[in-house]
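The values are calculated or read from the model by the stated rules, or taken from the named source; none is laboratory data. From a predicted model like this one, the values you see are computed outputs, not experimental measurements. Cβ coordinates were reconstructed from backbone atoms using ideal geometry, including for glycine residues, and neighbour counts include every protein chain displayed. The accessibility values were calculated without ligands, DNA or RNA, using every heavy atom of the protein model including side chains. Shrake-Rupley method; radii C 1.70, N 1.55, O 1.52, S 1.80 Å.
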Amino acid sequence: MAFVFDEQKFRVESEEFYRTYPADVSALEAELDERYRQSGGVSAMVQKKWTYEVVSRKCEVKVFRYCPFYSEIITGRERNSVAGAFPPIPGLGCWTSKTHYPVKEFDDWRAPYVEKDLIFAEMMVDYSHHYADVEAVMHRGFQSIRDEIAEKLEETVQAGHEKEKNSGEREFLEAALAACDAAILLGERFSKESEKMLEGETDAAVREQLERIRDTAKRVPRYPAGTFYEALCSVWFTRELCTSMEGSGFAVMGHYDRILYPFYEKDVKEGALTKEEAQNLIDCLILITDARWSHTAETSGTNASLVIGGCDADGNVIFNEVTRLILNSFIKYETSSPKLEVRISAVHPEAYKRMVAQIAALGRNALSILNDDVLIEAHHRAGKELADCRLYLAGGCQEPVLSNECNSRAFLYLNLPQILSGMLFPEELDFWSREQIVLKRPDKADTFEGFYENVIYNVSQFLFACAGHYNRFEQIWAEINPMPLFSATMQACIDKKMDVTRGGARYNSTSFSLTGIGTFIDSLYAIRKVVYEERKLTMAQMKELLKTDFAGQEAWRLYLQNKVPKYGQDDEEMASFAGRVFHDLAIHGSGMPNARGGYFEASLFAFFFYDVLKEHTWATADGRHAGQRISRGCNPMESTKEIDASTLMQSLRSIDFKDYPGCAVSYLEMPISKNAVETDVFVKILEAFVHCGGNALDFNVVDKETLLQAKKDPDSHRNLIVRVCGYSAPFVSLSEELQDEVIERTMRNG
Amino acid sequence: MKLSSEPCGMAETAFITNIQHFSLHDGPGIRTTVFFKGCNLHCAWCHNPETVSLKGQVGFDAGRCIGCGTCGEVCPTQLHKIKKTLQEIEVTNYGKIESFRDKEAGRHEWIREGCLACGRCVEACPANALELYGRHVALSEIEKECMRDKENFPGFGGVTFSGGECLLQARQVFCLASKMKTGGIHVCVDTALHLPWDKIEGVLPVTDLFLVDMKAGLSDTHKKYVGMPNDRICENLKRLTHVADCWIRIPVVHGVNDTKEEVGAMLKILGGMGGHLKKIQLLTYHTLGESKYRSLGLDMSRFEKPDMKRQEWMLEEFRRTGVCVEWN
């Protein structure tokens, strides 16, 4: 029974279906609301249990005629809702969150700082970048997990109710049990739905697939997967189940080539699967992930991410036939979802790098490169077991997560340049007095060392203050949106009888994203040179320039911008200074305990918030006007000259990126190309990136002409995918401002 | 000239305009290209006009100038002037100079003749509106920068000496190339071969690949557009292809060297080459050098580029040589 993928028909069918989203589920929501009202306010954990019951029993399920996977539960989600779920988004998955929204404590705290662009704080905790352990479910099945939870529940009930802790444990276990039941029931319902569809179906090929779904869905993921097809069904279904019911984003789909290969190998050996059929299945899985998105909306971006390459728990390199199948799909289709997270190391074979380079050179911008040699060590340094670190995944933009970890990343962005301005102008940009921090005024220091020491001290106080508040918000997380289904996929949660939101996972990390480090370094360095070393300006004069946004002092602004060395340029003194700043920020951005028994880890993300944060950001000492863009990820400023790919690699060498387990992203704009020679260049860049000790790398491959044409004639360029920052989107869906920014970047390096 | 018998003094300098990293079009792989200043040919379509003159030059980009007058303060020959304009006086009377970029503060006027190309104004100009073309850089410094990318790229392609005509500074090329060879770095020499043979011979032992520019097939055409007949070039090329690996690079300019006669003449020349001719690269004429002409105060001659049909035809014609041909 070989699966033949009818791509055209699937595209039509899925588009027709998803176009009808969002479905109206107000009756079910009203039912839940009424039950909640009558209960007099049960805990969020009980609310989640009710959600699972309602979704699994009452929501319609959709089976496609031309797709062998089953997962679509009509919960009222919007089509483009997979990314983040705070503030709560439409659909039953967020019903629990919705009843507790807004969170006044969070809104009150962030408002004054968001207003001044000191921080970007949309989410209380990470509602986007999680990984449900689909590998565990695939091997074990929900039935076995359910049995273990039932046992634990029995134990807990036996132990009695004396302690408050027990009641929390009991509620958690009951909800997790309900989650497993929902998963099992939904599988049966998908099975029945295909049986129903079979009644009127005459197309023989379709019948064959529907029969396959009918026979599989009632068993998988209830029981362990036995074949390649079942394994795919299991990992896909489990993630989608979480996406539908947990009121959170699960960006990370899984490390597919590592976990699927044993099934592939077995099936092929037994003659139950051909390479062609396996390719068809992978192709279909990639396209259904993409089909769930519509890319016409302005906000469109990707979130689902597939991890390939890297190594297994023992450190053996992963590059197998399944890796090739996945890469083939990405070469074949220009999708923007899922994104491909490519784990690479110095010992990965040439053939692997070549295929990845081919995707990069084709301008398939839904691609992130992760350096194993740096990231594994970074997580190991953060105190995690080496075998666990080797199994890291990543997704969303590039947020790394171990398979037994519940992290909270990329939800709070700190604007470093604006925080520096806040130290120089504490009255106008107050954070310190509100948070009762005694500011060490850097501008009063006699030497640059004194200045720098105070800056770093204040940044660390800023981070501590934020951590204090967010540790409270992390506690609220468990109070408004626990995730017992997600928890059920995590062995540690069952062992500890504790939800992920309370710290049930083996590892529980939190990281704040430091934004604008390039601008920050340049500004510090300009002050060092011009005020403390060359003494061309006094501190008071420098502050006057910044306060007035260089009004009437264009010559000074340009001097600061053009005549002072910049981060990223080939300048030894600057390189060593930059290395120091990266290290100091990492030290102070990590190590604080969070509310879930884990620790803070350093990260340098940008997403597109480097662009959002700029508006009220004051002028900076590097000659940047107020309101202009700050730097992206760990890149130099866009205005810095003489940054080619080689110089960018050079600049990575002076920085110890093993300080950043939460990721530090480099962005490299490359002109688009369609010939083999250029693929070579990309191979070399991949090698150089690993060799120079970079952490994560995103390419943006486009040519200027194409972008200019696309801006003029969007209709003919709907498929042109560009990377905005961490995410890829159709160029034509971007605002004019963002379009111009992408064009500008391309012109510099093209 | 017996280059190889003389010791290399790395304290010597070379006269260069630029060192470009991550160059993808100057030989195989990712390369670092050193542009030497000075050329003995004058191709009408030259896209690196700043490398032609043997003297240092200062370029000026009026679009960047904010009229601050810093250049005038440091110029030893007092060639920079800021013209006060009526508009400026009006604006300053109201005390509202918002931005110099809007030219409120005056216009830069500059007498190019008499410029010593000392570079002081370039260093002082905050707006980077002035640029110095031509620096005497110590060979040791050039060497260091050329070696850099070998450290960054495990698959680094090598170093290319280009220009201008880099072999007008054959001794410097030899010294640098020797160092590169010692460091295991692949060396390309990009030359037009309009030189006495001994200059070419001198760098033979330290060069892996010659990139030879061919401008035209007929000597008359060559003389008309390049300023010299091509007899010596052809002779050197023939000799060179017998002893060293070569790529021939032809900038294709419509109406100049893409005619039937021209292509025929070039093919005839190529017919008599030695076995070391490895590749022929056809390059489309472009006008990317325009801003450099403007900054030097020079007029750029305009040509057309060949259309796709002609490109295909030329590719086919050149393939008849049996050598690998690519359009780059």
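Some values worked out for this structure:
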item	result
Subset of the stretch A:441-472 [more than 23 Å from A:TRP109 (Cα to Cα) and open to solvent by 10 Å² or more (accessible area, probe 1.4 Å)]	A:ARG441, A:ASP443, A:LYS444, A:ALA445, A:ASP446, A:THR447, A:PHE448, A:GLU449, A:GLY450, A:GLU453, A:ASN454, A:ILE456
Odd one out for A:LEU707, checked against (1) farther than 25 Å from A:LYS563 by Cβ; (2) within 14 Å of another protein chain (Cβ to nearest Cβ); (3) part of a helix (DSSP H, G or I)	(2)
Residue check, B:VAL243 open to solvent by less than 10 Å² (accessible area, probe 1.4 Å) and among the β-branched types (Val, Ile, Thr)	no
Of all residues in the stretch A:415-440 being among the polar types (S, T, N, Q) and without any contact (Cβ under 8 Å) to a residue 60 or more places away in the chain, the one that is most open to solvent (accessible area, probe 1.4 Å)	A:GLN436
Any chance B:ILE200 is open to solvent by less than 20 Å² (accessible area, probe 1.4 Å), in a helix (DSSP H, G or I) and within 14 Å of another protein chain (Cβ to nearest Cβ)	no
Those residues of the stretch B:152-169 which are within 8 Å of chain A (Cβ to nearest Cβ) and either open to solvent by less than 10 Å² (accessible area, probe 1.4 Å) or outside any loop (DSSP other than H, G, I, E, B) (or both), in sequence order	B:ASN152, B:PHE153
Residue satisfying condition, being modelled with pLDDT of 95 or more and farther than 28 Å from A:PHE609 by Cα, within set A:ARG170, A:ARG146	A:ARG146
Residue among B:VAL122, B:VAL137 that alone is modelled with pLDDT of 95 or more, open to solvent by less than 80 Å² (accessible area, probe 1.4 Å) and in a strand (DSSP E or B)	B:VAL137
Qualifying positions in the stretch A:621-642 - open to solvent by less than 10 Å² (accessible area, probe 1.4 Å) and within 14 Å of chain B (Cβ to nearest Cβ)	A:ASP622, A:GLY623, A:THR640
Of all residues making up the stretch A:542-578, the number that are surrounded by 14 or more Cβ atoms within 10 Å (Cβ to Cβ) and part of a helix (DSSP H, G or I)	19
From A:ASP549, A:ASP584, residue being within 14 Å of another protein chain (Cβ to nearest Cβ) and either without any contact (Cβ under 8 Å) to a residue 60 or more places away in the chain or not aromatic (Phe, Trp, Tyr) (or both)	A:ASP549
Unmet criterion (only one of (1) buried (at least 24 other Cβ atoms within 10 Å of the Cβ); (2) within 23 Å of A:GLU122 (Cα to Cα)) for A:TYR599	(1)
The lone exception for A:TYR610 - which of (1) outside any loop (DSSP other than H, G, I, E, B); (2) within 13 Å of chain B (Cβ to nearest Cβ); (3) at pLDDT below 95 it fails	(2)
Matching residues in the stretch B:257-286 - criterion: being open to solvent by 40 Å² or more (accessible area, probe 1.4 Å) and hydrophobic (A, V, I, L, M, F, W, C)	B:LEU283
Residues located in the stretch A:691-704, provided they are open to solvent by less than 70 Å² (accessible area, probe 1.4 Å) and either within 14 Å of chain B (Cβ to nearest Cβ) or within 21 Å of A:GLU744 (Cα to Cα) (or both)	A:CYS692, A:GLY693, A:GLY694, A:LEU697, A:ASP698, A:PHE699, A:ASN700, A:VAL701, A:VAL702, A:ASP703
Residue within the stretch A:651-671 that is within 11 Å of chain B (Cβ to nearest Cβ) and assigned to a strand (DSSP E or B) present	yes
Out of B:LEU209, B:LEU267, sole residue that is of a type in the set (A, V, I, L, M), closer than 23 Å to B:ARG171 by Cα and either touching a Leu at 6+ places or on another chain (Cβ under 6 Å) or at pLDDT 95 or above (or both)	B:LEU209
The stretch A:473-497, subset of a type in the set (S, T, N, Q) and under 22 Å from A:THR238 (Cβ atoms), residue most open to solvent (accessible area, probe 1.4 Å)	A:GLN491
Long-range neighbours under 9 Å by Cβ, at least six apart or interchain, first residue under 15 Å from B:PRO28 (Cα atoms) and open to solvent by 40 Å² or more (accessible area, probe 1.4 Å) within the stretch A:674-690, second part of a helix (DSSP H, G or I) and at pLDDT 85 or above	A:ALA676/A:GLN358; A:ASP680/A:ARG354; A:ASP680/A:ALA357; A:LYS684/A:ALA357
Odd one out for A:TYR52 among (1) at pLDDT below 95; (2) touching a Pro at 6+ places or on another chain (Cβ under 9 Å)	(1)
Those residues of the stretch A:210-230 which are open to solvent by 10 Å² or more (accessible area, probe 1.4 Å) and either more than 30 Å from the chain's Cα centre (by Cα) or free of Cβ contacts under 8 Å to residues at least 60 places away in the same chain (or both), in sequence order	A:GLU211, A:ARG212, A:ARG214, A:ASP215, A:LYS218, A:ARG219, A:GLY226, A:THR227, A:GLU230
B:THR182 open to solvent by less than 60 Å² (accessible area, probe 1.4 Å), out of contact with any strand residue (DSSP E or B) (no Cβ under 6 Å at 6 or more places or on another chain) and either more than 14 Å from chain A (Cβ to nearest Cβ) or modelled with pLDDT under 95 (or both)	no
Test: residue in the stretch B:287-294 that is within 15 Å of B:CYS43 (Cβ to Cβ), touching a His at 6+ places or on another chain (Cβ under 7 Å) and loosely packed, with under 14 Cβ neighbours inside 10 Å	yes
Listing of helices (runs of 4 or more DSSP H) fully contained in the stretch A:125-203 that carry 2 or more residues being under 18 Å from A:LYS48 (Cα atoms)	A:142-159, A:164-200
Counted residues, the stretch B:299-312 - those being over 16 Å from the mean Cα position of the chain (by Cα) and open to solvent by less than 100 Å² (accessible area, probe 1.4 Å)	6
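Here's the yes/no breakdown for (1) part of a strand (DSSP E or B); (2) surrounded by fewer than 24 Cβ atoms within 10 Å (Cβ to Cβ); (3) among the hydrophobic types (A, V, I, L, M, F, W, C):
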{"site": "A:ILE308", "(1), (2), (3)": "yes, no, yes"}
{"site": "A:ASP314", "(1), (2), (3)": "no, yes, no"}
{"site": "A:PHE319", "(1), (2), (3)": "no, yes, yes"}
{"site": "A:LEU340", "(1), (2), (3)": "yes, yes, yes"}
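Residues checked against (1) modelled with pLDDT under 95; (2) open to solvent by less than 50 Å² (accessible area, probe 1.4 Å):
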site: B:LEU24; (1), (2): yes, yes
site: B:PHE35; (1), (2): no, yes
site: B:CYS65; (1), (2): yes, yes
site: B:GLY72; (1), (2): yes, yes
site: B:CYS75; (1), (2): yes, yes
site: B:ASN93; (1), (2): yes, no
